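Notes follow once the structure below has been shown.
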Amino acid sequence: MSAQNYADPSVLVSAEWVQQHLNDPSVRVVESSGDALLYPMSHIPGAVKIDWHNDLQDQTVRDYISNEVFENLCRKNGISNETTLVFYGDDNNWWACYAFWAFKLKGHLNCRILNGGRKYWVETAKLPTTSDVPAHPTTSYKVPADLDWRDLRIFREGVLDHVKASLPLVDVRSPKEYSGERTHMEGYPEEGVLRGGHIPGALSCPWSRAVGDDGRFKTADELRAIYEQELHLKPTDDVVAYCRIGERSSLTWFVLKYLLGYQKVRNYDGSWTEWGNVVGVPIVKGALPSS
Amino acid sequence: MPIQKLTELVEELADCDPKERIELLLDYARSLPALPERFAGLQGPESRVEECQSPIFLFAEKTPEGVQWFADVPLEAPTVRGFVTLLWEGTQGASVDDLAALSYDLISQAGLKEILGMQRMNGLAGVLRRLKKIVVETAAS
């Protein structure tokens, strides 16, 4: 157990650890930030950029890239099946957790998050950055044949069953989005939805509550106070997390699954931009989980 | 009518290939003038661009010629910072009417959608919306 008492402390690495492994060929640091100009401006030396939108999402169908495209993405970034990947980014690592989750969907084994992300590296640790784009030797990455993401991802039909079975859902959007007062996150109005509110029974817990002021995750005790004492979740629960497009809920998924050791947590990446537009699905408006 | 200087800067950006466009936008981001001392400490909800995730603030004041505006954008928000600098440089000396008539199309005209993706355009539109609002309000005050 680490000082923070996380269930699986191996998934988090410190800025100091990353600095010590900058030249370790078995480690690849990956920046996934919301602001597309951050990486070209400066990044951790040797880090590659994997963009949550331009790289990981299929540009035609609303889904993740095919296994073949994913293999090419890894190969050209010098990522092999054995590479330890360390994701970091802006916005307290929410895009980094999204990339982490997407790599898990594709079966990559060794994924970690740089605790504190860009904010901690740049502002607190004040560690060096560069604008040099590295060239890593290409690899022969292969997505495993026995890929099974069913424990990571859930689709809307599954969410409907989840609601009918009265199983827990966590809505990690802002309180205004949860109540339906606002149909989009402040700053992202183009991802429109026709209805405001939340999935019936979903508990409200904005993603950012899991993160401290310096961008690092709160300790396990602090996290348990939120998810277990306030929300009354249990590590044995079957939990679904969602937000607007599945990016902020990736961070909550990461927290529940790895830092608190929940046995079954899935991310509903269709999230509110799907649920709030689907004909005939039930929704609830207002600050309470159920109407 | 379109502001000549701004039109030129937008066209220059649009004419770059995507890689050069990122470089040029970063150059802009590096050259945003510092917020004048008299606005220090005045950053608050009324001056913040609420569409942006990062804390971005715009200020305007009356001058004998019209209205002058200023911005405070963190270094760690280079996309907005670059865009704001381009707007600032392009609109120096512009009249209140011209500022109020700024078109939202200039974001796509500058070729920013192509390099940043549709999902990130709203913060920039929010900056424009806020700028137009404070310029008009300041002129009328």
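The values are calculated or read from the model by the stated rules, or taken from the named source; none is laboratory data. Given the structure is predicted, the values throughout are model-derived calculations rather than measurements. Cβ placement follows ideal geometry from the backbone for every residue including glycine, while neighbour counts extend to all protein chains displayed. Keep in mind that these areas ignore ligands, DNA and RNA; they rest on the heavy atoms of the full protein, side chains included. Shrake-Rupley method; radii C 1.70, N 1.55, O 1.52, S 1.80 Å.
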Most fluctuating residue given options B:Ala100, B:Ala71, B:Ala34, as computed from a GNM of chain B linking Cα atoms under 10 Å: B:Ala34
On a full-extension model of 0.36 nm per residue, what is the gain between B:Lys113 and B:Ala100, subtracting their alpha-carbon distance, rounded to one decimal in nm? 2.4 nm
With +1 on each Lys and Arg Cβ and -1 on each Asp and Glu Cβ, how big is the dipole of the protein assembly as shown about its Cα centre, in debye rounded to the nearest 20? 1020
What residue among A:Tyr268, A:Tyr98, A:Tyr39 shows peak mean-square fluctuation when chain A is described by a Gaussian network model with Cα springs under 10 Å? A:Tyr39
Within chain B, longest stretch clear of exposed GluC sites (Glu not before Pro) (DSSP loop, no more than 16 other Cβ within 10 Å): B:66-141
Cα convex hull of segment B:4-140, projected area averaged across orientations, nm²: 7.7
What whole-number distance in Å separates the alpha-carbon centres of segment B:12-64 and segment A:242-263? 33
In degrees, nearest 10, the alpha-carbon axis of helix A:94-105 is tilted away from the dominant principal axis of the alpha carbons of chain A by 90
Per residue, the convex hull volume that the Cα atoms of segment A:9-124 enclose (Å³): 101
Might you work out the accessible area of B:Asp97 for me, using a 1.4 Å probe with all protein chains in place, and round it to the nearest 10 Å²? 120
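For segment A:156-275, what proportion of DSSP beta bridges, expressed in % and rounded to the nearest 5, is antiparallel?
Details: 1 of 10 bridges.
About 10 percent, rounded to the nearest 5.
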D (Stokes-Einstein, µm²/s), Kirkwood Cα radius, segment A:87-170, 1.567 mPa s at 4 °C: 81
Considering the convex hull of the alpha carbon atoms of segment B:74-117, report its projected area averaged over all viewing directions, in nm², one decimal. 3.6
Using modelled amide H (1.01 Å from N, peptide plane; none on Pro or chain starts), what sits under 5 Å from the amide H of A:Arg112, excluding residues fewer than 5 places away? A:Leu85, A:Val86, A:Phe87
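Using a Förster distance of 45 Å, how high is the FRET efficiency between A:Lys164 and A:Ile226, based on the Cβ-Cβ distance and rounded to 0.05?
The calculated FRET efficiency here is 0.95.
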Please report the base-10 log of the normalised intensity I(q)/I(0) for the protein assembly as shown, using a Debye sum with one equal scatterer per alpha carbon and no solvent, at each q in 0.06, 0.12, 0.13 (1/Å). -0.27, -1.06, -1.21
Compute the projected area of the convex hull of the Cα atoms of segment A:163-278, averaged over all viewing directions, and report it in nm² to one decimal place. 7.0
Normalised by the residues of chain A, what does the relative contact order come to in percent, with Cα pairs under 8 Å and at least six apart? 21
Percent antiparallel among DSSP beta bridges confined to segment A:1-91, nearest 5, equals 10
